Amino acid sequence: MTAPSAPAASGAPSAGAGIALILTSLACWTTIPLFLRSFIHQVDGWTTNGWRYGFSALLWLPLLLLAMQRGTIPRGLWRAALWPSVFNTGAQVCFGLAPYFVTPGLMTFSMRLQIVFVTFGAAMLFPAERKIVRLPGFIVGIVLVVVGTSLTIYLQPGGLGKADAAGVALSIASGLLYAGYALSVRATMHGMPPLLAFSAVSQYTAAMMLVLMLVFARDLQTSEHDLGLGVLHLSGLQWVMLLTSAVIGIGIGHTAYFKSIQALGLAVSAGVVQLQPITVSIVAPFLFPNDQHLTGAQWATGLLAVSGAATMLVTQHLASRKKHVAPIDEFDDLPVDPDVALVAQSNETDPAKTPARN
């Protein structure tokens, strides 16, 4: 896969910097399932979600305040961010709870189905996407993702027990909701600066996460309602890990991803982050030796799923180049989620068919 031939935007990072940025993003997003898995014996998932997203909202808030001060907040930003935030909250709930039931490797491979959900959602919502979905290479990619992911789950040693089944279901549900999130961003926040869009979504999501934490958080030892105050029993190192996971995953990871797109293009950047299940599965056995990790057969089928996702992205990218269908603004039109590259990169260039910027 090669970067688009269009010149980089003014002030965009160099290609070398872009490579460093996308690898940074991949590394950041690799750590998050591992961070979450490390807390399963200390605090519950409602608590980790509430504190992590609450802290991340504070990190993104200065960007919004600065834009307000300068008068550069896009009109309708807060209204447009509402539905994406609802989907993002549901997805994050499932994502945050899944590591309590299933290992990080199986969790992240199960989430590869997200790209299939995005594909069918895009085909239903955006007419321009239907041409790409019918391409033979795209169909092959979808089949590889579905078959590879299904076999990775089916080949779990000893079958899926109640906990594993719950974890896989949460992972798939997270992928489905993240697809809804990405599509709703594309539908309601098209043309808005992505970092401001994500900042607004983060504020809404954090508010909902905090409410859910106050309602559902329980002490893991006593099962009593604790309002998320179980974090008070964490050691200093555990506190650092909890807050660092928010900085790395929700702060640095997204910022590096957006900046990498300016230098490398959307297809390349989205393709690289498809490697997340592989990097997670490589690191997990060293951090959690007592967990049951992927077998050789699961590795083979998991790689099949990842290759299917890559095939979809390559097919979409080549089709867009061949038909001279290019994004109006490859950076500004980017939805927050990396798996929605196929939605953003094949926008019709006819202004009559493109949603107006707010």
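Values quoted throughout were computed directly from the atomic coordinates according to the rules given, and no laboratory measurement underlies them. No experiment lies behind these values; they were computed from the predicted model shown. When we count neighbours, we look across all protein chains shown, and the Cβ atoms used for this are built from the backbone with ideal geometry, even at glycine.
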* Tell me, in nm to one decimal, what length is gained between MET68 and ALA163 on full extension, where the rule is 0.36 nm per residue of separation less the Cα-Cα distance? -> 29.6 nm
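When the chain is fully extended, how far beyond the present Cα-Cα distance does LEU227 get from LEU23, taking 0.36 nm per residue of separation?
Numbers: separation 204, 0.36 × 204 = 73.44 nm, distance 3.70 nm.
Contour length minus the Cα-Cα distance gives 69.7 nm.
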* Structure fact -> Note, region 204-218: 3J(HN,Hα) by Karplus (6.51, -1.76, 1.60, θ = phi - 60°), whole Hz, Gly/Pro = x, goes 4, 4, 4, 4, 5, 5, 5, 5, 4, 4, 4, 7, 10, 4, 10
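What is the gain in length, in nm to one decimal, between ALA297 and ASP219 on full extension, counting 0.36 nm per residue of separation less the C-alpha to C-alpha distance?
Working: separation 78, 0.36 × 78 = 28.08 nm, distance 3.79 nm.
So the chain would gain 24.3 nm between ALA297 and ASP219.
Grab the DSSP H runs of the chain that are 4 residues or longer, score each as -39,500 (n - 2.57), total them, divide by all residues and round the 222 nm result to the nearest 500 deg cm²/dmol.
Working: 16 runs with 239 residues, N = 358.
Per the formula, -22000 deg cm²/dmol.
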* Asked: Each residue of region 235-251 in order: what ³J(HN,Hα) in whole Hz does its phi give by Karplus 6.51 cos²θ - 1.76 cosθ + 1.60, θ = phi - 60°, with x for Gly and Pro?
  -> 6, x, 5, 5, 4, 4, 5, 5, 6, 5, 4, 5, 5, 5, x, 9, x
* Mind checking region 39-113 for trypsin sites (Lys or Arg not before Pro) that DSSP puts in a loop (not H, G, I, E or B) and that have at most 16 other Cβ atoms within 10 Å? => ARG75
* To do: Report, in debye and to the nearest 20, how large the dipole of the chain comes out about its Cα centre when Lys and Arg carry +1 and Asp and Glu carry -1 on their Cβ.
  => 740 debye
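Sequence gap at least 6, Cα distance under 8 Å: using those rules, report the relative contact order of region 1-133 to the nearest whole percent.
30 percent
For the chain, take N as its residue count and report Rg(C-alpha) divided by 2.2 N^0.38 Å. List each step's numbers first, then the result.
Numbers: Rg = 19.8 Å, N = 358, 2.2 N^0.38 = 20.6 Å.
Computed over Cα atoms of the chain, the ratio equals 0.96.
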* Structure fact -> Within the set GLN238, GLN221, GLN316, GNM on the chain using Cα springs under 10 Å gives the largest fluctuation to GLN221
* What is region 15-346's relative contact order, in percent, from Cα pairs under 8 angstrom and six or more apart in sequence? -> 36 percent
* For the pair TRP78 and ARG134, what calculated FRET efficiency results from E = 1/(1 + (r/R0)^6), where r is the Cβ-Cβ distance and R0 = 45 Å, to the nearest 0.05? -> 0.75
* Could you let me know the centre-to-centre spacing of region 201-280 and region 37-114, using Cα atoms, in angstrom? => 6 Å
* To do: Please list the non-local residues whose amide H lies under 5 Å from the amide H of LEU227, H modeled 1.01 Å from N, same-chain partners needing a gap of 5 or more.
  => ALA217
